[in-house]
Amino acid sequence: MKGRSPKPTALHKLHGTLHARHKRSRANEPVPDGDLGRDPPPGLTPSQADGWRYAVDHMPAGVLKMVDRGLLLVWVEAEDRHRTAMAMQSKLDASSELKLLIKTPSGLVSSPYVRILDRTAKTMLRAVQELGFSPASRTRVKAPPKPAAVDPTNPWAMLRLIPGGRPDAGPAA
């Protein structure tokens, strides 16, 4: 197959680019269920679990589903490795005049942490674009609106939930 792979219908909806032709050609496209929960998957280190909770708490509500768990896991693990490599490189740099370099029998070479930082940054950037975590990718994602709170003491408040109902509707005269 040539060209770009088709954009999923859910992304067309989020980006506001869904047209009638998409609806016709993708009538049987699967729709993932279940929002991604705050509880991290088992097997994460404490710092990775903290990174998971931070990401879930600060991402737009309703965008990521349970099927996206693996992608978020890739980002969380890369972010944790990146943080660790930064700390280790800082320790090396504190005791060295030549930052980002180490001495070997064959001379000065780039620190191995620099390579780890580069790889984890690239992994994080790829995942960020898919997850909608960067400022540029957030402009293309529109999270579903949060439902308005209903006043239980107002008998007319439920009319707001009816499509086409007027929020300022009062009793009919």
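The values are calculated or read from the model by the stated rules, or taken from the named source; none is laboratory data. Since the structure is predicted, the reported quantities are computational estimates derived from the model, not experimental observations. Cβ sites come from the backbone with ideal geometry, for glycine too, and all protein chains shown count toward neighbours.
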Would you check if Ala94 is of a type in the set (A, V, I, L, M) and either exposed (fewer than 13 other Cβ atoms within 10 Å of the Cβ) or free of Cβ contacts under 8 Å to residues at least 12 places away in the same chain (or both)?
yes
Number of the condition not met by His58 [criteria: (1) under 17 Å from the mean Cα position of the chain (by Cα); (2) farther than 14 Å from Phe133 by Cβ]:
(2)
Looking across region 28-55 at residues that are at pLDDT 90 or above, surrounded by 10 or more Cβ atoms within 10 Å (Cβ to Cβ) and of a type in the set (Gly, Ala, Ser), the single one that is farthest from the chain's Cα centre (by Cα) is Ser47
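Yes/no per residue for (1) within 21 Å of Ser47 (Cβ to Cβ); (2) at pLDDT 90 or above; (3) buried (at least 17 other Cβ atoms within 10 Å of the Cβ):
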position: Met86; (1), (2), (3): yes, yes, no
position: Gln89; (1), (2), (3): yes, yes, yes
position: Leu98; (1), (2), (3): no, no, no
position: Lys103; (1), (2), (3): no, no, no
position: Gly107; (1), (2), (3): no, no, no
position: Tyr113; (1), (2), (3): yes, yes, yes
position: Leu117; (1), (2), (3): yes, yes, yes
position: Lys122; (1), (2), (3): yes, yes, no
position: Pro135; (1), (2), (3): no, no, no
